[in-house]
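Everything below concerns the one structure shown next.
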Amino acid sequence: MWHTFIMKRSNLQIRGFSKLSKSAKIAWLSQEHLKDPAKGMALIASYNHSDDAVQQRHDEFIENTVANYFLPLGVAPNFLINGQVYTLPMAIEESSVVAAAAKSAQFWMDRGGFHSTVHSTTKVGHIHFTFNGDASALATLLDRVTPELLAATEGITANMRARGGGILSLELKDRRDAMDGYFQLEVRFETMDSMGANFINSCLEEMAKVLRLEAATDAGTASSDLEVVMCILSNYTPECLVHCEVRCAIEDLDDGSGLDVQEFARKFQRAVRIAEVEPYRATTHNKGIMNGIDAVVLATGNDFRAVEAACHTYASRDGQYRSLTHCSIEDGEFRFWIEIPLSLGTVGGLTKLHPMVQLALEALGNPGAKELMGIIAASGLAQNFAALRALTTTGIQKGHMKMHLLNILNQLEASDAEKAELTAFFADKVPHHAEVVAAFCRLRGIPIPQAEGLVR
């Protein structure tokens with residue numbers, strides 16, 4: 001059966017695809033994979049930028065480009081962070097995220113805002129290698145050749161050193177407890193306003209050349225086999241840490257809705273505590289935090305996959321996956337905070353190439369990396385506050401489904417007038433999918449399907 005499947009798909013194989021022109025790639029994709037090739041090609045063409053130069057720039061970001069893929073770019077205003085008001089750009093496909101962030105920002109605007117502190121911006125890279133000789137001889141070798149290792153990178157680090165960055169330290173790590181013969185040369189870096197991936201990797205590779213040569217000729221290590229396995233930065237940056245918090249008197253949690261603030265504070269703190277002790281809840285809890293973080297990370301041209309990986313590793317640093325946020329109630333004061341590793345850049349990468357990234361950074365006041373760390377931490381904290389506030393009061397679905405209503409109506413191809421009438425109809429109701437379909441059909445005077453196939 002598996003062989004038969006492979007044979008059926010064999011006509012989809014193609015050699016030399018990367019060498020085809022963009023138009024040829026699009027034609028092949030449309031002809032071989034799409035039911036209506038002409039419609040597919042027209043759709044792809046409609047997503048091209050009107051400026052040929054800008055489109056070419058987009059085409060060159062990645063390989064085998066066939067089209068642009070749009071995500072909505074929203075803004076969440078009224079973020080008071082360290083005494084300064086920001087409007088946060090957020091690129092995301094999920095409804096309610098931007099609205100929730102903006103609502104939290106407005107709430108805390110009147111209660112002192114968000115306070116962010118960057119503890120460090122240190123990043124780490126490793127030369128991973130195996131060595132089967134005397135570990136003390138290896139340590140002696142590293143002490144001796146450290147000046148040579150640094151000298152080998154001077155051409156790479158010159159500009160970074162001029163800006164106040166560069167290589168901070170080198171340390172030999174003996175990891176034979178984890179794997180036979182396994183050692184690391186751990187190198188710490190300060191990359192200033194750059195994320196520094198290429199910079200770090202280039203430095204490590206130059207150091208590795210020196211390490212191989214010196215180990216092969218040193219009297220203490222020459223008889224042993226030192227093999228460099230790889231040189232690579234780590235996206236886990238526990239020293240690249242930012243803290244952000246909000247606080248106020250419990251009575252100031254009153255938003256005029258008649259909320260019992262004492263009961264709310266107690267339930268809110270307990271909800272955070274559940275995420276601190278239960279990984280199933282912590283995963284969803286932290287996903288919501290990353291909604292706020294990733295949206296700004298993506299809008300500012302940063303690597304949201306690296307940020308995600310670092311944050312989730314940090315959440316597991318004691319051996320159990322836990323909440324990234326914490327809450328305390330002491331002496332009548334409500335305090336809510338987050339502490340996360342964020343490796344970000346405001347120079348390099350897409351920051352000077354993608355027009356919308358440039359716009360997003362300009363809207364933020366062209367922050368440096370440290371300032372951006374504080375902004376993004378505030379976005380994550382705001383998102384989590386909104387989610388927990390909903391969960392512990394009205395429930396998450398009321399707000400989420402109201403935001404999702406427009407998506408359902410767009411799937412139904414409702415007119416503007418129909419959208420307005422149905423939005424008003426569901427103003428005091430939770431708009432579950434089947435109920436929206438039924439209301440839409442009644443409005444149009446068409447039969448309500450018994451089993452409709454729209455995506456929920």
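The values are calculated or read from the model by the stated rules, or taken from the named source; none is laboratory data. Nothing here was measured: the structure is a model prediction, and the numbers come from that model. Neighbour counts are summed over all protein chains in view; Cβ atoms, including those assigned to glycine, are modelled from backbone coordinates with ideal geometry.
Could you please find all residues in segment 210-226 being surrounded by 16 or more Cβ atoms within 10 Å (Cβ to Cβ), among the hydrophobic types (A, V, I, L, M, F, W, C) and assigned to a helix (DSSP H, G or I)?
Across segment 210-226, the qualifying residues are Val210, Leu211, Ala215.
Across segment 179-195, which residue is surrounded by the fewest Cβ atoms within 10 Å (Cβ to Cβ) among those that are in a loop (DSSP other than H, G, I, E, B) and acidic (Asp, Glu)?
From segment 179-195, those in a loop (DSSP other than H, G, I, E, B) are 179-181, 191-193, 195; that's our starting set.
Now drop any that are not acidic (Asp, Glu), which leaves 180, 193.
On the way: Asp180: 9, Asp193: 20.
Only one residue fits best here, namely Asp180.
Among Ala315, Ala309, which is the only one that is without any contact (Cβ under 8 Å) to a residue 60 or more places away in the chain and within 16 Å of Glu339 (Cα to Cα)? Write out each step before concluding.
On the way: Ala309 fails: without any contact (Cβ under 8 Å) to a residue 60 or more places away in the chain.
On inspection, the qualifying residue turns out to be Ala315.
Taking only segment 227-272 into account, find how many residues are outside any loop (DSSP other than H, G, I, E, B), surrounded by fewer than 14 Cβ atoms within 10 Å (Cβ to Cβ) and of a type in the set (D, E, K, R).
Of the residues in that region, 4 qualify.
Within 30 Å of Asp260 (Cβ to Cβ) and part of a helix (DSSP H, G or I): is that true of Leu405 in this structure? Give the steps one after another, and end with the answer.
Working: within 30 Å of Asp260 (Cβ to Cβ): yes; part of a helix (DSSP H, G or I): yes.
Considered against the rule, which asks whether it is within 30 Å of Asp260 (Cβ to Cβ) and part of a helix (DSSP H, G or I), Leu405 comes out as yes.
So, of the residues in segment 343-362 that are over 18 Å from the mean Cα position of the chain (by Cα), in a helix (DSSP H, G or I) and touching a residue at least 40 places away in the same chain (Cβ under 8 Å), which turns out to be farthest from Asp59 (Cα to Cα)?
Leu359
Please go through segment 160-170 and give me each residue that is surrounded by 13 or more Cβ atoms within 10 Å (Cβ to Cβ) and part of a strand (DSSP E or B), ordered by number.
Passing the criteria: Gly166, Ile167, Leu168, Leu170.
Out of all the residues in segment 12-44, which are exposed (fewer than 10 other Cβ atoms within 10 Å of the Cβ) and not in a helix (DSSP H, G or I)?
Gln13, Arg15, Gly16, Ser21, Lys35
Step by step: first the residues of segment 300-319, then only those that are of a type outside the set (D, E, K, R) and not in a helix (DSSP H, G or I), then the one that is surrounded by the fewest Cβ atoms within 10 Å (Cβ to Cβ). Which residue is that?
So, considering only residues that are of a type outside the set (D, E, K, R) and not in a helix (DSSP H, G or I), the one surrounded by the fewest Cβ atoms within 10 Å (Cβ to Cβ) is Gly319.
Among (1) over 20 Å from the mean Cα position of the chain (by Cα); (2) modelled with pLDDT under 95, where does Gly365 come up short?
(2)
Out of Glu362, Glu339, Glu371, Glu330, report the one residue that is closer than 15 Å to Val297 by Cβ and either outside the structural domain of Asn291 (by TED's automatic domain parsing) or among the charged types (D, E, K, R) (or both). Show your work before the answer.
Values: Glu362 fails: closer than 15 Å to Val297 by Cβ; Glu339 fails: closer than 15 Å to Val297 by Cβ; Glu330 fails: closer than 15 Å to Val297 by Cβ.
The match here is Glu371.
Take Ala377 and tell me if it is part of a helix (DSSP H, G or I), in contact (Cβ under 8 Å) with a residue 12 or more places away in the chain and crowded, with 18+ Cβ neighbours inside 10 Å. Talk me through it step by step, then tell me what you get.
Numbers: part of a helix (DSSP H, G or I): yes; in contact (Cβ under 8 Å) with a residue 12 or more places away in the chain: yes; crowded, with 18+ Cβ neighbours inside 10 Å: yes.
Here the answer is yes, as Ala377 does meet what is asked.
Give me the residue from segment 434-444 that is of a type outside the set (D, E, K, R) and closer than 14 Å to Ala414 by Cβ and, out of that set, surrounded by the most Cβ atoms within 10 Å (Cβ to Cβ).
In the first step, residues of segment 434-444 are kept if they are of a type outside the set (D, E, K, R); the result is 434, 436-441, 443.
Okay, now just the ones that are also closer than 14 Å to Ala414 by Cβ, so 436-441, 443.
Values: Val436: 24, Val437: 18, Ala438: 14, Ala439: 19, Phe440: 22, Cys441: 15, Leu443: 14.
If we take residues in segment 434-444 being of a type outside the set (D, E, K, R) and closer than 14 Å to Ala414 by Cβ, then Val436 is surrounded by the most Cβ atoms within 10 Å (Cβ to Cβ).
Within segment 91-119, restricting attention to residues that are in a loop (DSSP other than H, G, I, E, B) and in contact (Cβ under 8 Å) with a residue 40 or more places away in the chain, which residue is farthest from Ile408 (Cα to Cα)? Step through it out loud before you land on a result.
As a first pass, look at segment 91-119 and keep what is in a loop (DSSP other than H, G, I, E, B): 92-96, 110-113, 119.
Among the residues that remain, those that are also in contact (Cβ under 8 Å) with a residue 40 or more places away in the chain are: 92, 94-96, 111-113, 119.
Numbers: Ile92: 18, Glu94: 13, Ser95: 11, Ser96: 14, Arg111: 36, Gly112: 38, Gly113: 35, His119: 44 Å.
Ranking the candidates gives His119 first.
Quickly run through segment 120-159 and pick out the residues that are part of a strand (DSSP E or B), touching a Ser or Thr at 6+ places or on another chain (Cβ under 8 Å) and within 27 Å of Met195 (Cβ to Cβ). If you could, list the steps in order and put the result at the bottom.
Taking segment 120-159 and keeping what is part of a strand (DSSP E or B), we get 122-131.
Those still in the list that are touching a Ser or Thr at 6+ places or on another chain (Cβ under 8 Å) too: 122-126, 131.
Hits for segment 120-159 are Thr122, Lys123, Val124, Gly125, His126.
All but one of (1) closer than 15 Å to Ala139 by Cβ; (2) surrounded by 19 or more Cβ atoms within 10 Å (Cβ to Cβ) hold for Arg176; which doesn't?
Arg176 satisfies every listed condition except (2).
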